[in-house]
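J.: Mind having a look at this structure? Questions to follow.
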Amino acid sequence: MAINRRDLLIASGGALTAAMAGRALAQEAQGQPLMGNPTLPLPPQQRMGWAVVGLGSFAVGQLMPAFGDANRSRLTALVSGNPEKLARLADTYGVEHTYSYDDYDSIVDNPDIDCVQIALPVGLHAEYTIRALEAGKHVLCEKPMASTSAECEAMIAAARKAGKVLGVGYRVHFEPTNQAALAMIRGDDIGPLRHIRAEHGFQADPENWPPHRWRLEKQLAGGGSMYDIGIYGINTSLMMLEGDAPMSMSAVYAYPKDDPRFREVEGGVDWRITMRSGAVVSGSSSYCYSPYHSKQTYIGAKSSLRMDPATTYYENALWHEHGGRGTQIPAGAPYTQFAGQVDAFSEAARAGRPHATPGEMGYRDIRLIEMAYRSADQGGAPVSLEGI
Ligand code: NDP
């Protein structure tokens, strides 16, 4: 059947009438007020500008993507010793400013950089942190803070002299599952903590995973498994024991002495800290564990918490153990910890107030690890932690 122009106009007019009749039955579109007074992301030009230094596996895999979820921080500069990688990553992320290690000090002239994140091997943390502070930038340095407590002191002194904020990248403080555990420990259900057990380790594999190579060289790593992975047990346990203080420590080395991987740094340590309250934290760290271990247990006077895994990037889990039962506590996606950390540091830097995990905390932890080594060197003799 042929349809002429007049038929088409009649047909479309009918459709319009039908649509209008339907609309008359529905509500009119109306604007509504902004609900719940939300914290809005800052517009890009008002965010703190960040430079990431050292574009290795952690920087590329976790730190740089975090800026995509951040609300108060933006990635403005990259620093690397590899020009091809630097150009490719800058292009991919639309980062305007790039530097090599040789022209790193010229960040002083760049107003787009407020904060610097150090993601280099540990033996380079102190030098690159101090150079950034001297360039007038705030610094978030990756864990562990430095190779020695003397280096930590120099970093803290440089931050004070520059009047800038210095933090250590203890991301777990911003991780929802650990925040939920801390909230429960602060509440009534767990009671005073009596014992914490911390187990952290993996199988160091320098042949197949290049980032493990420098971790076995003392000059670049500072120390062994305690520096890289055991530090999670120390720092996270002390986070849960807020208000308490470590009083004494003993430790023994725990790894095969004939393993060629451990010529320069230790492959494992079993350690124990007695707190002022009488609570005990006992932990182990190792480069000889399979599979990857990241476990924390908090035994309280009334009930207990178990976290397995406890401090990983994506999949931490928390159980409340009480009355013969274990209840899993949902807490939110662990990957938000990276953006949470960078935004919290941006806010602290903007306000000129200490970050939640300041340089002093990183210094404390390096001193505790030095004490663990001191005890282990004496076959496990207790060492005093008074004053740490
Ligand atoms: P990688 O070996 O993967 O990366 C280190 C990067 O540092 C290299 O890619 C390189 O970047 C740069 N670099 C400069 N000099 C050297 C050198 N002499 N040898 C090796 N690399 C050098 O290490 P990670 O990314 O695993 O670790 C980097 C830092 O991040 C460490 O401090 C580590 O403790 C910390 N970290 C923190 C984690 C956390 O969860 N908070 C997890 C993993 C690591 P380029 O080529 O761009 O110059």
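J.: Could you give the size of the charge dipole of segment 233-315 about its Cα centre, using +1 on the Cβ of each K and R and -1 on the Cβ of each D and E, expressed in debye and rounded to the nearest 20?
T.: The calculated dipole for segment 233-315 is roughly 200 debye.
J.: Another question, if that's okay. Using alpha carbons only, how many degrees (0 to 90, rounded to 10) separate the axis of helix 149-162 from the longest principal axis of the chain?
T.: That works out to roughly 50 degrees.
J.: For segment 322-384, what class follows from the C-alpha gyration tensor (a ≥ b ≥ c being the square roots of its eigenvalues): rounded when a/c is under 1.5, otherwise prolate if a/b is larger than b/c, else oblate?
T.: oblate
J.: Note down the relative contact order for segment 202-324 as a percent, whole number, built from C-alpha pairs under 8 angstrom at least six residues apart.
T.: 23
J.: With every protein chain left in place, what is the accessible area per residue of the chain in square angstrom, probe 1.4 Å?
T.: Solvent-accessible surface per residue comes out at 48 Å².
J.: Need the full-extension length gain, Asn208 to Arg325, defined as separation in residues times 0.36 nm minus the C-alpha distance. One decimal, nm.
T.: This chain segment gains 38.0 nm when fully extended.
J.: What pairs from Lys257/Lys295; Lys218/Lys257; Lys85/Lys218; Lys85/Lys137 go past 18 Å between their alpha carbons?
T.: Violating the 18 Å Cα-Cα cut-off are Lys257/Lys295; Lys85/Lys218; Lys85/Lys137.
J.: Of Asn208, Ser248, Gly223, whose Cα points farthest to the positive end of the dipole of segment 193-258 (charges on the beta-carbon: +1 Lys, Arg; -1 Asp, Glu; origin at the Cα centre)?
T.: Checked the options; the winner is Ser248.
J.: What does the C-alpha gyration tensor say about the overall shape of segment 131-268? Classify as rounded when a/c is under 1.5, otherwise prolate if a/b is larger than b/c, or oblate.
T.: oblate
J.: Which length gain, in nm to one decimal place, applies between Tyr101 and Glu153 when the Cα-Cα distance is subtracted from 0.36 nm times their residue separation?
T.: Full extension of this stretch gives 16.4 nm more.
J.: Ignoring chymotrypsin sites (Phe, Trp or Tyr not before Pro) that are buried or in helix or strand per DSSP, and keeping those with at most 16 other beta carbon atoms within 10 Å, what is the longest stretch of the chain between them?
T.: 102-312
J.: Could you give the size of the charge dipole of the chain about its Cα centre, using +1 on the Cβ of each K and R and -1 on the Cβ of each D and E, expressed in debye and rounded to the nearest 20?
T.: Charge dipole of the chain: 880 debye, to the nearest 20.
J.: Something else: In whole percent, and with a 1.4 Å probe on the protein chains, what portion of the accessible area of the chain is carbon and sulfur?
T.: 53
J.: Take the Cα coordinates of segment 98-155, assign each an equal point scatterer, and use the Debye formula without solvent to give log10 I(q)/I(0) at q = 0.16, 0.25 Å⁻¹.
T.: Evaluating at q = 0.16, 0.25 Å⁻¹ gives log10 I(q)/I(0) of -0.45, -1.02.
J.: While we're on this one: Check each of the trypsin sites (Lys or Arg not before Pro) in segment 245-331 and keep only those in coil by DSSP with at most 16 other C-beta atoms within 10 angstrom; list them in order.
T.: Of the trypsin sites (Lys or Arg not before Pro), the ones in loops of segment 245-331 whose Cβ has at most 16 other Cβ atoms within 10 Å are Lys257, Arg263, Arg276, Lys302.
J.: Is the C-alpha gyration tensor of the chain telling us rounded, prolate or oblate? Criteria: a/c under 1.5 is rounded; beyond that, a/b larger than b/c is prolate, otherwise oblate.
T.: Note, shape of the chain comes out prolate.
J.: May I pose another question? Whole Å is fine, so just give me how far the alpha carbon centre of segment 37-71 lies from that of segment 234-299.
T.: Rounded to whole Å, the Cα centres lie 32 Å apart.
J.: Run the helix sum for the chain: -39,500 (n - 2.57) per DSSP H stretch of 4+ residues, divided by residue count, reported at 222 nm to the nearest 500 deg cm²/dmol.
T.: Calculated at 222 nm, the ellipticity per residue is -9500 deg cm²/dmol.
J.: Still on this structure, I have one more. Counting other Cβ atoms within 10 Å of each Cβ, which GluC sites (Glu not before Pro) in segment 161-264 have at most 12 and sit in a DSSP loop?
T.: Of the GluC sites (Glu not before Pro), the ones in loops of segment 161-264 whose Cβ has at most 12 other Cβ atoms within 10 Å are Glu207, Glu242.
The values are calculated or read from the model by the stated rules, or taken from the named source; none is laboratory data. What you see is a predicted model; the values in this text were computed from it and never measured. Neighbour counts run over all protein chains shown; Cβ positions are idealised from the backbone, glycine included. Heads up: the accessible areas ignore ligands, DNA and RNA and are worked out on the full protein's heavy atoms, side chains in. Shrake-Rupley method; radii C 1.70, N 1.55, O 1.52, S 1.80 Å.
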